[in-house]
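Worksheet: one structure, shown below.
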Amino acid sequence: VPVIPNNRNYYYYLPPGSTPYPNNNPNTLYPGHNLFPGSQYYPYTGYPGGNNGDPIIMGLSGQIFKFDGRPGGWYSAVSAKSFQWNMKVSKFEECPELSDTFVTGVALSVNGKDGKKHQIEVNVVNEFQTDVGCGIQDIKTNDYQCLGAGSLELLIDGHKVVQTIDHILDDNSGRVTAFNTIAKCSRRWFDFDVTPAEELGTISKTPALRSRRLFKNVSKGSSDIMDVLETMKMTMIDQPGCEEWMKERRTNNDIFKQTGTWSTVMIQTEAISLHIEYKQEQERCSAHNLDVWISSVSPEVFGEDWEGVIGETKSSDHKSGDNIERKHMSRADALKYADDGAYEVPSPFSTQCKACIQSSN
């Protein structure tokens, strides 16, 4: 896998109470930002912004609130000069009331090099079905697996990807990595510690699928990705259980050959990086869910004006430190606009909405 030195500075998000670097080694980056060697990474020990669950918005200054939106609608999560991050929400009628709406699409439009703009989209293929497969079976190549049991697809600058991949963007300004994982290695959601024990007991089911292949990978840096996972263990659901699984993957060199209904997608760019976890709900109801966290951001981009459902939670006095507390609040108290429609965009990569940066200036 090629590496891309650019000697820039980045903030990355570190769980409160964690050491700034794994094993106190400043040469080991958390959580695996290995794309830009030579750059300096400064730990930010607050809570990363993003969305979890049904959907709960995690604000950039510790705010926690629900945002449902219109089923099928795309909404501006963060709108800034250097990038636009939109999210799609969907409602699943069979799920319990008030826990029946989830994020099923993530679209990132971000500036690359020499004026180039990259568009990366992560989507649920069929919201009404699970275990859909990848469409075309290639028996001769059994080393590529469907993402999320065939329920997850990526669009990278117009190229459709339905299987595990480690891809460098064509101008070397970023990287997209996607692979299947197990529940034990998935990242804990924001209120994991208060999840009922009986509900945690249902998260270990990860059925295997037959192998399929539709898109040729640019690179397959298995050992490199395992190093990334090593630095992320402190955020995982079951660290000891995951360590055993990771040991097997490293020994067999087969992280990109795994099957399952849980997937991890990491989007790294020079402006901002996102960590995405895909999960299927198969116990209470049939549903799909994309949890998203901001994993790193350049200080220059962080200093820009941010708008959107998550973007406007970045306050002017946003500071690093373990004393930042989560603040549960109503949607009305957290956001500028009372109407969800102010944040709605007409398409996945659109920058046009009342609450978008272009419209608010």
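Read-outs: derived from the displayed coordinates by stated rules, not from any lab. Worth saying up front: this structure is predicted, and the values here are computed from it rather than measured. Glycine gets a Cβ as well: all are built from the backbone with ideal geometry, and neighbour counts include every protein chain shown.
Data overview
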quantity	calculated
Distance between segment 59-128 and segment 251-268 - C-alpha centres, whole angstrom	22
Two-site label geometry, Glu244 and Asp157: point separation in nm, points 7 Å out along Cα→Cβ	4.2
Loop-resident sites, segment 51-133, for GluC sites (Glu not before Pro), counting at most 13 other Cβ within 10 Å (DSSP)	Glu93, Glu94, Glu97
Derived scalar couplings ³J(HN,Hα) [segment 176-181; Karplus, 6.51 cos²θ - 1.76 cosθ + 1.60; whole Hz; x for Gly, Pro]	10, 10, 9, 8, 7, 9
Net charge of Cβ neighbours under 15 Å - reference Ala80; Lys, Arg +1; Asp, Glu -1	-3
Shape of segment 59-112, Cα gyration tensor, a/c cut at 1.5	oblate
Nonlocal amide H pairs with Gly308, under 5 Å, H built at 1.01 Å	Ser79
In Hz, Karplus ³J(HN,Hα) per residue of segment 283-298 (6.51, -1.76, 1.60; θ = phi - 60°; x = Gly, Pro)	9, 6, 6, 9, 7, 10, 8, 10, 8, 10, 10, 6, 9, 7, 8, 6
